[in-house]
Amino acid sequence: MSIKVKDIASQCGVSIATVSRYLNKSGYVKKETRELIKNAIQEIKEQDENYQTSKNIAVIFPDLSNMFFTDVLKGLTEEAEKLNYNVFSFDSGENIEKEMKIIDTLQEFNICGLIITTTIKNRETTKLHVNKLSSLGVPVILIDRDLMFSDFDGVFSDNKKGSFDGVDTLIGAGHKNIAVITGPLEYETAQLRLEGYKEAHKINGLEINESYIHIGDYQIESGYKCTKDIIENNKDVSAIFSCNNMMTLGAINALNEMEIKIGQDISLLGFDDLEFFTYLGLNISVVSRQTSEMGKIAFEVLLKKITNEEPCPTQNITLKPSVEVRGSEKLINTNDK
């Protein structure tokens, strides 16, 4: 069985939050309190003949049908298996209520750590969410999306720079009228990618046309609908920047349906890759991230938290995306003059 945070707190006469800070190795805990908690844990272990050190890791991602998350999961699982850790994955479906239920369920699991991409959007409830995660009493590592008001470690991408580089590449190829399909702007990732789009325009001396900005939801259908709307209402648009791979897939479907040829009639650049783009010979240019590497690094950070008895500094690691132009003619603009 696993040690419950509330049992440690009760035995030590301290709050659950204090025990959580100690177990997560984040935030300040007085030296004498650390010793008290450490001794209490050891005493509980010695008294409980059924106690076993867990090697189970929980992973909560918002959309396991998205290859970005499955690639991250693959990377961290490969590293975990080398050290005989078990990885249990959960799909929250971009639904905060479902995510909260999964976290509640984990209270009864014998886990030693959690890796999560949270779906929380509401700033007012973020603190409650942080407290719920902390109450698990295990190290928590964030991936891709940061969580305000938390001291959790995290592995992230430079979303603004990746977006800037992608749009700047389109502008460098001669495009002046570039539409963008953003993610839901409640998410910081979507905000940063839109900021990168706007910054690329400003740096290159181009005006930002608000009618070119279309808000999606990171799902295929929104990419499809937004692309239809772009083509029908913005005849001068020569390129589309799609802010995630699922919406890029929807954009491809819409363009194919309208018999608009990518790379000839219009250019398309997506944020995040899909392997089958290349397999199908689509040559879709993308802002590419080190997805598998993100998973490996997340596990390494978690392992450090699990194995170090004393608190270690919070780590926030940010990886830089790169632009992959596939097919030299694919981003060349023949429409803008």
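Only the coordinates and a few stated rules stand behind these numbers; no lab work does. Keep in mind it's a predicted model, so treat the numbers as computed, not measured. All Cβ positions, glycine included, derive from the backbone under ideal geometry; neighbour counts span all protein chains shown.
Values for this structure:
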quantity	calculated
Added length on full extension, which subtracts the Cα-Cα distance from 0.36 nm per residue, residue 97 to residue 65	9.6 nm
Taking 226, 112 and counting other C-beta atoms within 10 Å, the order from fewest to most	112, 226
Computed lengthening from residue 132 to residue 202, 0.36 nm per intervening residue step minus Cα-Cα distance	21.1 nm
Distant-in-sequence amide H partners of residue 56 (H built 1.01 Å from N, under 5 Å)	86, 112
Projected label distance in nm at residue 39 and residue 78, using a 7 Å step from Cα toward the beta-carbon	4.6
Extension reserve of the residue 233-residue 257 stretch, reckoned as 0.36 nm per residue once the Cα distance is removed	7.0 nm
Exposure proxy order (Cβ contacts within 10 Å, fewest to most) of 246, 100	100, 246
Inter-label distance for residue 211 and residue 319, nm, one decimal - labels placed 7 Å from Cα along Cα-to-Cβ	4.0
Where a label projected 7 Å from the Cα of residue 123 along Cα→Cβ would reach, residues of region 193-229 with amide N under 20 Å	193-196
Centroid-to-centroid separation of region 192-242 and region 123-159 [C-alpha atoms, Å]	30
Residue-wise HN-Hα coupling along region 209-217, computed from phi with Karplus coefficients 6.51, -1.76, 1.60 (Hz; x: Gly, Pro)	8, 4, 6, 7, 9, 10, 9, x, 9
Per-residue ³J(HN,Hα) for region 85-91, Karplus 6.51 cos²θ - 1.76 cosθ + 1.60, θ = phi - 60°, Hz, x for Gly and Pro	8, 9, 10, 10, 9, 10, 10
5 angstrom amide H check on residue 319, placed H, neighbours 5+ away	156, 157, 158
Neighbour-count ranking [beta-carbon atoms within 10 angstrom, fewest first] of 145, 289, 193, 326	326, 145, 289, 193
For Rg and Dmax of the Cα atoms in Å, calculated from these coordinates, the label among [x] 22.8, 78; [y] 26.7, 106; [z] 20.4, 65	[x]
Per-residue HN-Hα couplings for region 173-178 [Karplus 6.51, -1.76, 1.60; θ = phi - 60°; Hz; x = Gly/Pro]	7, x, 7, 10, 10, 10
Under-5 Å amide H pairs with residue 93, H placed in peptide plane, nonlocal only	63, 64
